[in-house]
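The values are calculated or read from the model by the stated rules, or taken from the named source; none is laboratory data. What you see is a predicted model, and the numbers here were worked out from it, not measured in a lab. Because the Cβ atoms are built from the backbone with ideal geometry, glycine has one as well, and the counts that use them run over all protein chains shown.
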Amino acid sequence: MSFTPGEVLRAILRARRELGLRTYVRPRIRAVYYQEEDDFLLVVVADRPDKSAVLGPGGRVLKLVRDLLGISSMAVRSNTDLLVKRRRIGEALYKVKHLLARANGLLKMALERILAILRAELRYPPREWPSYEPLDEPAIVIGFSGGADSTAMLYVAKVLGLNPIAATVDAGSWMLPAEARELISSITSRLGVEHAYLRGRGDVFSSILRLAGEGRRHPCRMCHQEIEREVVRFSLEEGVPMVGFGDLLPTGRFSTYWLRVGSRKVLRLNLMAALALFKTDTLYLATRAGRPRGRLSFGCPLLKATHRKYKYMMLPSIQRVLREARAGILEPNQALELIKSIIRS
């Protein structure tokens, strides 16, 4: 099966007519890329208004176009999105080259592979990443929650042969309910990666629970800091040179930097951010690792309970969503879905 820009444009115009939407200016389709293996179609348009015309209100036009074309999944990118993405990757490349020049041993081999995937992503679309046999030793510990972004990070690290260790900080069912633990077990088993549960400091998590329960502190920042601290501690203890997290916001040079703990240091890598991936990308990659694709939802059980009890605690959560939307990581309909999940907590 293959598609031409003309075929896709006709489907878009038909979908807009069927939905009762007027089309004053036809969107310009610059290119289409169809992946038969995944039955996935990527449409590249000229600019943001072209993209809006293809998406439609709430993404309804894109959904109908997908059905009209008879494909499983579809995404749209504007050429301006891709120009920004390439600039961000270029900044990350500069940083990794600088680090590679001073690296040796296991870290050097890992950074060479990271450099290769960054160079490959500069040519996206289409996406043609290198793959490697696994290194003899683990090169990275990944903070793994079972969410889409950390699952995508784990999957890509596996493809690169970085021999990743997945590390999950579990302070109890308020953080990881039973279904989350089952999902984590399923993904790590499918990928064939080593997995470790870490406890973190009980007094810190008790403080997080108390302050959130009293409505005095939004729990996310304190919790994230303790999770990062514990993953870094584990990495240093195991002698692994890098730690990785699924964060998408710290792009460019901010995606890779040294963390120092006393006289020791470990390299922090936000690979999804270095690759300037969109949320649509991480959702897709997570399905490759065996994570089911469901509705977008924001927050752990504790955060949802905090939202229900203290409505004003929703504001920092919504602001987080808006930050990712402003950065172009989230599509407007994805941001809206996440904000709705916060309000309905």
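If we keep just the residues of the range 317-345 that are part of a helix (DSSP H, G or I), among the polar types (S, T, N, Q) and farther than 15 Å from Gly215 by Cα, which is nearest to the chain's Cα centre (by Cα)? Walk me through how you get there before you give the answer.
At the first step, the residues of the range 317-345 found to be part of a helix (DSSP H, G or I) are 317-326, 332-343.
With among the polar types (S, T, N, Q) added as a condition, the list becomes 317, 319, 333-334, 341.
Filter once more, so that each one left must be farther than 15 Å from Gly215 by Cα: 319, 333-334, 341.
Working: Gln319: 18, Asn333: 16, Gln334: 13, Ser341: 18 Å.
Here the answer is Gln334.
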TODO: Only one of these is on the phi > 0 side of the Ramachandran plot and either surrounded by 18 or more Cβ atoms within 10 Å (Cβ to Cβ) or not β-branched (Val, Ile, Thr) (or both): Gly239, Gly202, Gly213. Name it.
DONE: Gly239
- [ ] Give the range 61-100 a look and list any residue that's out of contact with any strand residue (DSSP E or B) (no Cβ under 6 Å at 6 or more places or on another chain) and hydroxyl-bearing (Ser, Thr, Tyr), or say none.
- [x] Ser72, Thr80, Tyr94
Open item on the list: I'd like the full set of residues that are hydrophobic (A, V, I, L, M, F, W, C), out of contact with any helix residue (DSSP H, G or I) (no Cβ under 9 Å at 6 or more places or on another chain) and under 16 Å from Val266 (Cβ atoms), limited to the range 61-108.
Closed with: Leu106
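Residues in the range 54-61: is at least one at pLDDT below 95, of a type in the set (A, V, I, L, M) and under 29 Å from Ala289 (Cβ atoms)?
At the first step, the residues of the range 54-61 found to be at pLDDT below 95 are 55-60.
Adding the requirement that they be of a type in the set (A, V, I, L, M) leaves 55.
Filter once more, keeping what is under 29 Å from Ala289 (Cβ atoms): 55.
Within the range 54-61, one or more residues are at pLDDT below 95, of a type in the set (A, V, I, L, M) and under 29 Å from Ala289 (Cβ atoms).
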Open item on the list: Any residue that is among the small types (Gly, Ala, Ser), modelled with pLDDT of 95 or more and either in contact with an Asp or Glu (Cβ under 7 Å, 6 or more places away or on another chain) or closer than 27 Å to Thr280 by Cβ (or both) - is there at least one of those in the range 191-203?
Closed with: yes
- [ ] Quick one: in the range 270-315, of everything that is outside the structural domain of Glu331 (by TED's automatic domain parsing) and in contact with a Pro (Cβ under 7 Å, 6 or more places away or on another chain), which residue is surrounded by the most Cβ atoms within 10 Å (Cβ to Cβ)?
- [x] Ala273
TODO: Specify the residue that is modelled with the highest pLDDT; the eligible residues are those in the range 144-167 that are surrounded by fewer than 24 Cβ atoms within 10 Å (Cβ to Cβ) and of a type in the set (S, T, N, Q).
DONE: Asn163
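Only residues that are part of a helix (DSSP H, G or I) and either at pLDDT below 95 or surrounded by 18 or more Cβ atoms within 10 Å (Cβ to Cβ) (or both): list them for the range 6-29, please.
Residues of the range 6-29 part of a helix (DSSP H, G or I): 6-18.
Correct list: Val8, Leu9, Ala11, Ile12, Ala15, Arg16.
For the range 228-235, does any single residue satisfy the condition of being in contact with a strand residue (DSSP E or B) (Cβ under 9 Å, 6 or more places away or on another chain), under 21 Å from Leu122 (Cα atoms) and in the same structural domain as Ala157 (by TED's automatic domain parsing)? Spell out how you get there, then give the answer.
Quick first cut of the range 228-235, residues in contact with a strand residue (DSSP E or B) (Cβ under 9 Å, 6 or more places away or on another chain) only: 228-235.
Subsequent filtering for residues that are under 21 Å from Leu122 (Cα atoms) retains none.
No: zero hits.
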Task: Scope the range 304-345; condition touching a helix residue (DSSP H, G or I) at 6+ places or on another chain (Cβ under 6 Å) and aliphatic (A, V, I, L, M); matching residues - done: Met313, Met314, Ile318, Val321, Ala325, Ile329, Leu330, Ala335, Leu338, Ile339, Ile342
Task: Residues being buried (at least 16 other Cβ atoms within 10 Å of the Cβ), in contact with a Phe, Trp or Tyr (Cβ under 8 Å, 6 or more places away or on another chain) and hydroxyl-bearing (Ser, Thr, Tyr) - total across the range 30-88 - done: 2
Open item on the list: Looking at Val43, Val96, Val76, Val61, can you tell me which residue is assigned to a helix (DSSP H, G or I), assigned by TED's automatic domain parsing to the domain that holds Ile12 and β-branched (Val, Ile, Thr)?
Closed with: Val61
